[in-house]
Amino acid sequence: MKELGWNKDNPFMPDLKTVKDVKEYIAAGGIGAIEARIERAFSVRFGELKEKISRLFDIELNDPFLANLLLTSILVDTRALFLESDRQKRNATLQNVYRSRRMDDRAAAVDAVFDEELLQGISLRVVIKAWVDKRVVHMDWLWDDDEVILFKRMESLIFDGGIKNLLVVLLELIAEYEEVVSRFGENVQEQMERVFRAMTGGMEAES
């Protein structure tokens, strides 16, 4: 299926041109297979993020070094799972998972959380992306004044109560996603199956 390319109108569909293409798509899982693959990758990392937050709360005062390692890892996960460009339509982010489930309002709500101006008029998105991109996964060249700004923003996030707020926000997003999974299934394929069964009375028959 990799060789088919992508449908320009639907980021979750391959570019199907022939009967052979369709058969190959069906053999690879068919409708919802790409969305399910995205969500499987996402849910593994998301579960690890939840565990890191729990451990950070447990050890923060007892082991500052380990707490710092966990915090850095949480920030990297936050960058990867919530703060990717919307041009990356198949990256395993919470927003793309919601879009794959046709829950665009939920995706927009996640963006709104990180775009809200909190720290001296700067959003969490700007602060976290800048720090992780320039001082964690890369070590960018920065002029002195730019580096001071970067550090001051992170200090505000960590020491002025912002990091607690961030962790609470992350836990709320985790809880909301877990509720979606509980109500609608592990991925869009299971979600469609549940909808179909409900429409045809299958769920009532089973109960």
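Values quoted throughout were computed directly from the atomic coordinates according to the rules given, and no laboratory measurement underlies them. Computed from a prediction, not measured in an experiment: that's the story for all the values here. Because the Cβ atoms are built from the backbone with ideal geometry, glycine has one as well, and the counts that use them run over all protein chains shown.
List of remarks:
- Estimated FRET transfer efficiency (R40, A198; beta-carbon r; R0 22 Å; 0.05): 0.40
- Highest-fluctuation residue, V148, V113, V126 considered, GNM on the chain with Cα pairs under 10 Å: V148
- Eligible aspartates and glutamates near K2 by straight Cα distance, threshold 15 Å, same-chain separation 8 or greater: D15, D21, E24, E35
- Lys-Lys pairs in the range 32-170 that are eight or more residues apart or on separate chains and whose Cα atoms lie under 15 Å of each other come to 4.
- Once the Cβ-Cβ distance of V113 and K20 is raised to the sixth power relative to R0 = 41 Å, the FRET efficiency obtained is 0.40.
- Computed over the chain, the convex hull of the alpha-carbon atoms projects to a mean area of 15.4 nm².
- Residues with amide H under 5 Å from that of G185, placed H, sequence gap 5 or more: none
- Positive-pole candidate from L142, V180, V169, dipole of the range 132-183, charges at beta carbon: V180
- GNM result for the chain, Cα springs below 10 Å: residue of G121, G32, G185 fluctuating most strongly: G121
- Take every pair of alpha-carbon atoms less than 8 Å apart whose residues are at least six positions apart; their mean separation over the length of the chain yields a relative contact order of 18 percent.
- For the chain, the longest principal axis of the Cα atoms and the long axis of helix 33-59 meet at an angle of about 30 degrees.
- Rg/Rg_ref, the range 1-115, where Rg_ref = 2.2 N^0.38 Å and atoms are Cα: 1.34
- Once both labels are positioned 7 Å from their Cα atoms along Cα-to-Cβ, the gap between E51 and R90 label points is 2.8 nm.
- Since only G30, G121, M199 are under comparison, the one whose Cα sits farthest along the positive direction of the charge dipole of the chain, derived from C-beta charges on Lys, Arg, Asp and Glu, is G30.
- Applying 1/(1 + (r/R0)^6) with r as the Cβ-Cβ distance of D58 and I174 and R0 = 22 angstrom yields a FRET efficiency of 0.85.
- Nearest-20 debye value, the chain charge dipole, Cβ charges on Lys, Arg, Asp, Glu: 760
- For W6, the residues whose amide H sits under 5 Å from its own are D15, ignoring neighbours fewer than 5 places away on the same chain, with H placed 1.01 Å from N.
- Exposed loop sites are taken as chymotrypsin sites (Phe, Trp or Tyr not before Pro) in a DSSP loop (any state but H, G, I, E or B) with at most 12 other beta carbon atoms within 10 Å; the longest stretch of the chain without one runs 1-140.
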